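What follows is a set of notes on a single structure, which appears directly below.
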Amino acid sequence: MTKHRTEAYALLAQKHQQSAAQKKMGEIKSGVEALNGLRDENIQTFNDLDAELDALLEGVGIEFDPDDSFVDTEIQALLESNHGDRNAARKISLLEVIELEDESGWSQYLASVECYAYRNDLDLTGDPFSALLTESQRIAIEKRIDEDLTYKNAQCDKYDYMLAGTCGLLAGLVDILFVGVPGKGKIGETADQAMDGVIVNTAKLLGWSGPRAGSDPKASAIGYLERNFKVNYDQTHGNAPGSKGTGGKVKHLTPTNHHVKNLGHSPDLIGLLFSIINQFNNTSTFVDDGRLITIDTDSYELQGNNFPAKVFSGFCNWLGHLASDMGGSSGSSGRGTGIPMPFYSMLQFLNFGSFGQHKDTFAKVAVKVFEQGYDLRHGMALAVPVMIAELFTRMAWSFKQNLYHGKDWSDCIPVGANPELRRMLLVAHGSLCMVDGVDAGLRSGGNMVQFMLRANVLAWARFGFLAIKETRAWYATGSLDIDAANGQLDREYQVLLSRDRTAC
């Protein structure tokens with residue numbers, strides 16, 4: 001038995017004791033009430049007999065001394081002879097308890113519980129928690145689970161769909177008018193400028209003293225980061241030998257795509273993992289034609305006197321090198337080639353399909369799209385319409401709940417697993433993807449690269465996630481929502497912890 005179940009069985013035995021004690025108290029109360037009734041009946045009988053005797057004696061002219069106890073003794077004997085059976089003592093058995101010595105431990109106590117259960121025919125083989133609940137408690141818990149912790153189908157009305165669709169259309173218009181292709185739209189230009197500011201501020205934070213007179217601050221900051229955070233996996237040419245190339249092992253590697261092909265340049269957990277591995281093993285890992293390729297590099301030594309220090313050094317090198325590549329290299333002209341969006345490099349493993357004049361696979365199309373500026377900076381711009389659809393939909397749901405349904409604002413917080421809000425978000429992001437897909441399809445003219453350049457991959461990823469979530473909720477309707485239950489338990493746990501801190 002687990003610890004919680006044994007504790008529950010102990011509680012079950014204690015509940016049985018409590019029930020037996022209450023029953024015993026009922027027997028005692030019943031006995032006391034019977035004795036009180038018998039006493040009242042005897043008193044009344046005695047009073048009646050005394051009145052009748054007084055009347056009889058008064059009728060014949062006989063008087064007795066009030067201090068004479070003879071009559072009282074005779075009457076008492078008469079009462080005992082007539083009602084002696086009612087005065088029979090009621091025997092009440094002793095209450096059985098769980099025996100526990102002063103120095104007994106938990107195991108001895110559990111053994112006493114098992115002995116008590118055996119003597120009283122108490123079943124400890126079933127679920128003790130259901131037996132501990134009263135009927136009202138069980139009903140309340142079932143109601144709460146049904147209302148708050150169970151998957152339900154959304155009950156959206158026409159206004160919910162109209163609001164969600166409108167929010168998605170507005171976000172789609174923002175995507176078309178202000179994002180567009182990489183580096184062209186207003187939001188894209190703002191994102192590029194913001195990334196340049198991040199690079200300059202990062203370099204200053206790490207000791208850069210600023211650009212020389214007349215030099216470009218961005219290029220100077222990138223050069224500083226490149227010099228101070230060198231890595232061994234920064235090859236840029238497929239056919240070149242040495243530290244700059246792979247010696248023909250990665251055929252399609254160029255300076256404009258090495259950030260997406262080399263997994264160490266991916267700003268996610270996969271990139272961090274391969275960066276640390278490559279720095280420790282003097283290797284460099286690429287993806288080419290859907291295959292994972294690892295080459296040996298020049299000798300490279302991480303700083304640090306022990307393994308944790310070397311891992312930290314590799315982590316810092318990874319971050320610093322990513323910062324140097326976010327806005328292109330120090331010598332790049334124009335916008336330059338940044339680093340890919342998180343997990344974008346994984347698209348190179350989708351090595352299937354035949355698109356365009358050159359019959360490129362989807363993996364090659366993804367690389368060509370990156371070469372034309374579909375990088376992390378453009379990802380920042382793509383996130384704006386997605387956030388607009390998300391925030392506007394949640395705001396619309398909150399206002400409708402308060403103004404139309406009359407709920408308190410405290411009940412209109414747009415978080416959690418509300419089924420109507422979940423459905424509205426799906427509709428909103430679906431509308432955004434519909435507008436985005438139609439625009440990309442019309443403007444691309446059937447060219448897959450141009451289609452992807454204009455497509456909002458973040459919007460499609462968010463829509464796909466919501467579609468999976470809605471499908472799971474529809475399939476699991478009526479079953480327990482584990483995530484919601486865990487969230488509720490976490491909140492209850494935090495409440496208990498706060499109470500403990502207050503008590504201390």
message = Can you list residue pairs whose Cβ atoms sit under 8 Å apart, with the first residue in the range 111-124 being without any contact (Cβ under 8 Å) to a residue 60 or more places away in the chain and the second being crowded, with 16+ Cβ neighbours inside 10 Å and not in a loop (DSSP other than H, G, I, E, B)? Count only pairs 6 or more apart in sequence or on different chains.
response = D123/A117
ask   = Any residue at all in the range 43-53 that is at pLDDT 75 or above and touching a His at 6+ places or on another chain (Cβ under 8 Å)?
value = yes
Per-region count, the range 413-438, residues under 25 Å from K368 (Cβ atoms), surrounded by fewer than 20 Cβ atoms within 10 Å (Cβ to Cβ) and of a type outside the set (G, A, S) = 1
message = Looking only at residues that are β-branched (V, I, T) and over 29 Å from Y118 (Cβ atoms) in the range 16-50, which one is nearest to the chain's Cα centre (by Cα)?
response = V32
message = Here are the criteria: (1) farther than 30 Å from K400 by Cβ; (2) loosely packed, with under 13 Cβ neighbours inside 10 Å. Tell me which single one K158 does not satisfy.
response = (1)
query = Which of the residues that make up the range 437-475 are in contact with a Leu (Cβ under 6 Å, 6 or more places away or on another chain), among the small types (G, A, S) and farther than 15 Å from V386 by Cβ?
reply = none
request  = Kindly indicate whether V250 is farther than 19 Å from S329 by Cα and open to solvent by less than 30 Å² (accessible area, probe 1.4 Å).
outcome  = yes
query = What's the number of the condition S266 fails, among (1) at pLDDT below 95; (2) buried (at least 23 other Cβ atoms within 10 Å of the Cβ)?
reply = (1)
inquiry  = On the basis of being part of a helix (DSSP H, G or I) and open to solvent by 30 Å² or more (accessible area, probe 1.4 Å), does L391 make the cut?
reply    = yes
message = Condition first: out of contact with any strand residue (DSSP E or B) (no Cβ under 7 Å at 6 or more places or on another chain), surrounded by fewer than 16 Cβ atoms within 10 Å (Cβ to Cβ) and in contact (Cβ under 8 Å) with a residue 24 or more places away in the chain. Now tell me which residues in the range 271-290 satisfy that.
response = F280, D289, G290
request  = List every residue pair whose Cβ atoms lie under 8 Å apart, where the two residues are 6 or more positions apart in sequence or sit on different chains, the first residue falls within the range 402-425 and is free of Cβ contacts under 8 Å to residues at least 40 places away in the same chain, and the second residue, located anywhere, is among the aromatic types (F, W, Y) and crowded, with 17+ Cβ neighbours inside 10 Å.
outcome  = C412/W397; P414/W397; N418/W397; L421/W397
inquiry  = I'd like to verify a number: residues in the range 329-351 that are surrounded by fewer than 24 Cβ atoms within 10 Å (Cβ to Cβ) and in contact (Cβ under 8 Å) with a residue 40 or more places away in the chain, how many?
reply    = 12
inquiry  = Whether any residue in the range 119-127 is hydroxyl-bearing (S, T, Y), part of a loop (DSSP other than H, G, I, E, B), out of contact with any Lys or Arg (no Cβ under 8 Å at 6 or more places or on another chain) and at pLDDT below 70 is what I want to check.
reply    = yes
message = Can you pull out every residue in the range 464-477 that is in a helix (DSSP H, G or I) and open to solvent by 60 Å² or more (accessible area, probe 1.4 Å)?
response = F465, I468, K469, T471, R472, W474, Y475
remark   = Filter the range 179-193 for residues that are open to solvent by 90 Å² or more (accessible area, probe 1.4 Å) and not in a loop (DSSP other than H, G, I, E, B); the one that is nearest to D439 (Cα to Cα) is K186
task = Would you check if there is a residue in the range 420-427 being in a helix (DSSP H, G or I), closer than 24 Å to P182 by Cα and in contact with a Leu (Cβ under 6 Å, 6 or more places away or on another chain)?
result = no
message = If I ask for residues that are open to solvent by 30 Å² or more (accessible area, probe 1.4 Å) and within 19 Å of the chain's Cα centre (by Cα), which ones from the range 478-492 would you list?
response = S479, L480, I482, D483, N486, Q488, L489, D490, R491, E492
Counted residues, the range 258-300 - those being β-branched (V, I, T) and in a loop (DSSP other than H, G, I, E, B) = 1
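The values are calculated or read from the model by the stated rules, or taken from the named source; none is laboratory data. Owing to the predicted nature of the structure, the values given are computational and were not obtained by experimental measurement. FYI the Cβ positions are ideal-geometry reconstructions off the backbone, even for glycines, and counts take in every protein chain you see. These accessible areas exclude ligands, DNA and RNA; they are computed on the full protein's heavy atoms, side chains included. Shrake-Rupley method; radii C 1.70, N 1.55, O 1.52, S 1.80 Å.
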